Amino acid sequence: METQEIKEKLEEIEAIKKVRELAEKIKDAQVAVLTTAGELGYPHSQPMYTHSLKDDGIIWFITSKEYHKTNEIAANAKVSVTYSVPADNLYVAIYGTATLTDNPHMIDELWSDRFRAWFPKGKTDPDITLIRIDMEHIEYWDGPDSIVSQLISIVKATLAGNPYQVVEHKKVDVHHQ
């Protein structure tokens, strides 16, 4: 194996590790907020049902071809997706590039009956399209998930003479081929 190939494999392994860490953190989130550049130039946010994150790090949403989000993505593909798990004191912001696709295999994989309310014809409804988001940057805030843990952290910081850090704040770059 050549040096460049080895370097690329190591980068791929590192990206998978980052994605798995993120997937573990957000596994309990059922809804994410997708933010696009709105028609008036302001950020436009919308809650969306979320799906489990796989090693490829691609975020998927099911939506309607007629939904305003599809026009906003067509006009500006740069988006953000936020996850919030208040019970765990976890907040995640993901920045990336969105594309629209009608891939029937992915629709089949992502489909659940909860979408029947919007698509009464089921997963073969011709109005279904997918939003695919390729992550580029992740930022998260992760703190103690209980009052007791927070109090212990405050006491430890005070006794050590250090300022209390409410949460761990981390930024991670993710690159996909």
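The values are calculated or read from the model by the stated rules, or taken from the named source; none is laboratory data. Only a predicted model underlies this, so the values are computations on that prediction, with no experimental measurement involved. Methodologically, a virtual Cβ is constructed for each residue, glycine included, from the backbone with ideal geometry; neighbour enumeration extends over all protein chains shown.
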Would you check which residues across region 17-28 are surrounded by fewer than 16 Cβ atoms within 10 Å (Cβ to Cβ) and not charged (D, E, K, R) and list them? Ala23
Applying the selection to region 55-67, what residues are closer than 14 Å to Trp118 by Cβ and either surrounded by 12 or more Cβ atoms within 10 Å (Cβ to Cβ) or at pLDDT 95 or above (or both)? Phe61, Ile62, Thr63, Ser64, Lys65, Tyr67
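In this structure, does Ser80 turn out to be without any contact (Cβ under 8 Å) to a residue 60 or more places away in the chain, touching a Ser or Thr at 6+ places or on another chain (Cβ under 7 Å) and not in a loop (DSSP other than H, G, I, E, B)? Give the derivation first.
On the way: without any contact (Cβ under 8 Å) to a residue 60 or more places away in the chain: yes; touching a Ser or Thr at 6+ places or on another chain (Cβ under 7 Å): yes; not in a loop (DSSP other than H, G, I, E, B): yes.
Answer is yes for this residue.
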Read through the list (1) more than 11 Å from the chain's Cα centre (by Cα); (2) at pLDDT 95 or above, then give the number of the only condition that Val81 fails. (1)
Taking the condition of being among the hydrophobic types (A, V, I, L, M, F, W, C) and without any contact (Cβ under 8 Å) to a residue 40 or more places away in the chain, how many residues in region 30-47 meet it? 2
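State whether one or more residues within region 89-112 are over 17 Å from Met48 (Cβ atoms) and surrounded by 14 or more Cβ atoms within 10 Å (Cβ to Cβ). Before the answer, list the steps.
We begin by selecting, within region 89-112, every residue over 17 Å from Met48 (Cβ atoms); these are 89-90, 102-105, 108.
Checking which are surrounded by 14 or more Cβ atoms within 10 Å (Cβ to Cβ) leaves us with 89-90.
Yes, region 89-112 has at least one match.
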Filter region 35-54 down to residues that are out of contact with any helix residue (DSSP H, G or I) (no Cβ under 7 Å at 6 or more places or on another chain) and crowded, with 16+ Cβ neighbours inside 10 Å and give me whichever is modelled with the lowest pLDDT. Thr50
